[in-house]
1. Quick one: ranking Arg78, Arg109 by accessible area, 1.4 Å probe, largest first, what do you get?
2. To the nearest 10 square angstrom, how much accessible area does Glu93 have with a 1.4 angstrom probe?
3. How much accessible surface does Arg28 have with a 1.4 Å probe, in Å² rounded to 10?
4. What figure, in Å² to the nearest 10, do you get for the accessible area of His64 with a 1.4 Å probe and non-protein molecules left out?
5. Rank these residues by their accessible area, most exposed first, probe 1.4 Å: Leu66, Leu25.
6. Just grab the label-to-label distance for Ala76 and His112, each label 7 Å out from Cα along the Cβ direction, in nm (one decimal).
Amino acid sequence: MPIGPGYDDPEYDNYDPAWKTQDTLFRRWLVEKLTEEGSNLPAEIASVYAPANRYHGMSSATLHVLAILTSTTTAAVRRAHKADLDEWAREQELRSHPGLAVLDADLDRIRHRS
C-alpha cells in the first residue's frame, strides 16, 4: 500500500464493503446478459466483476472473458463499463455539492433506479 497523506484513511484502503451487493449499472447489465445466456450464478459472477469495473478498471483479458460469458462483443462490454463509470462520475459530482436541491435530485434518481 502506498504511504502518504490520506492513505491511513479507511476511505483509501481499496476496499468497500458495498462491493458485494452494490447495485450498479454494470452489475445489472452483467446479471441480465448472464441470465439470458442461462448462467446458474449470474449474481455471483457479477459480484466478482462489477466492483472491479469501477475500482480497478477493465483489463483486456477481463473484457474478453466477459464477452464470452455474456455472448456479446468486447465493444458491448466496454460500452456497459463506460456507461457505469459515467453514471458513477455523475453520482460523485452530485455528492460533492452540499446544496439540498442537488441532494434531492440525487436521491430521486437513486430511488427511480430500482
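1. Ranked from most to least accessible, the order is Arg78, Arg109.
2. The value for Glu93 is about 110 Å².
3. My reading of the accessible area for Arg28 is about 70 Å².
4. 100
5. The residues order as Leu25, Leu66, largest area first.
6. 2.8
The values are calculated or read from the model by the stated rules, or taken from the named source; none is laboratory data. This one's a predicted model, so the numbers in the text were calculated from it and none came from an experiment. Methodologically, a virtual Cβ is constructed for each residue, glycine included, from the backbone with ideal geometry; neighbour enumeration extends over all protein chains shown. Side chains are part of the model used for accessible areas, which takes the heavy atoms of the whole protein and leaves out ligands, DNA and RNA. Shrake-Rupley method; radii C 1.70, N 1.55, O 1.52, S 1.80 Å.
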